[in-house]
Each structure stands twice: as structure tokens, then as C-alpha cells.
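Take a look at the structure below.
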Amino acid sequence: MGQNIKFMNVEYIGKVNKMWSRRARILSIGGVVTVLLLATILVQSPVPTKTVDEIIQDADEYLGQEVAVRGVVVDDSINNQTSQFIISGESYTLTIDFIDASVSNGLENNRTVYAEGVLRSEAGIYYLEASIIKTSCPSKYEEEATSDS
């Protein structure tokens, strides 16, 4: 089966082959796991989140690209028939088209929203063709204020 090795007057029979094969297996499994973890990190790097103002000020740079934006939903701008709403920043607003997006519960007026998608332009007006929309959770203080009123 294995070869006999004599070291310090002790004879090892066939243990060398098993030891190296086990060590080789452990190293190769560790290498594969390391490569998979690195690939996961590199492939799924998140898109950095921008503000509405940053997107609009450099709109030509982001046009046609995947962007992530955070803003506040403008009052009475949610239109479920056209699947659009408007978010605002400090100085600018941006229309969000959510017809093909997965939308989390809680899309309401004055709610902070995170939207991910491709920035588009039509007739000189920029809009985000969203693929993902996430809303902030309501604060426990908001619930208390509405129940006290």
C-alpha cells in the first residue's frame, strides 16, 4: 500500500501518503473557499448611494448608468397609475419610475427612500428607471404623534 519510512528508529508504514493527501485536500478546500469569497465580494460590490442633488448636478456623467439615490418623497407625488413619484434633495427633485421595480412596503409622503436603477432622460428631464426601491421604517415617535392627535 504505502511505503515504509524509518525515522528515529520508528517505522511508519503507509502514513506518509495519507498525511499528504489529507493535507493537500484541506489546502485545496481552503483555497477554493477563499477564491469563492473573493469572487462574491468583487462581483456584488454595491453601487455608492448619491443624493438627488449630486445626481442632477452631474446628470450627464450618470446618464445611462446604474445609480443609487436617496431622497424624501414629495407630498402627493405618488402616482400608482403611472408608477411614478418624485423625491427631493436640498435644491433639486428627481422623478422615480417604479413600473419594473420591487417596492418595499411603506412608500408614503415625506418618507426617506432609497432607489436603485438606471438614470434616463426624456425631453431634457431626468428620471430614474428604478429596479429596487426601499423605504425607511416609520419611527416609533411618528406613531405616537399620530395616535396622540
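The values are calculated or read from the model by the stated rules, or taken from the named source; none is laboratory data. Note that the structure is a prediction, hence the values are computed from the model and not measured. Positions of Cβ are generated from backbone atoms using ideal geometry, with glycine treated the same way; all protein chains shown enter the neighbour counts.
Structural remarks
- Checking 14, 2, 30 one by one, the residue that is farther than 30 Å from residue 70 by Cα and at pLDDT 65 or above is 30 and no other.
- The listed residue being in contact with a Lys or Arg (Cβ under 9 Å, 6 or more places away or on another chain), farther than 20 Å from residue 125 by Cα and at pLDDT below 90, out of 113, 103, 47, 43: 103
- One residue stands out in region 24-60 among those that are of a type in the set (Ser, Thr, Tyr) and surrounded by fewer than 11 Cβ atoms within 10 Å (Cβ to Cβ): the one that is farthest from residue 72 (Cα to Cα), namely 28.
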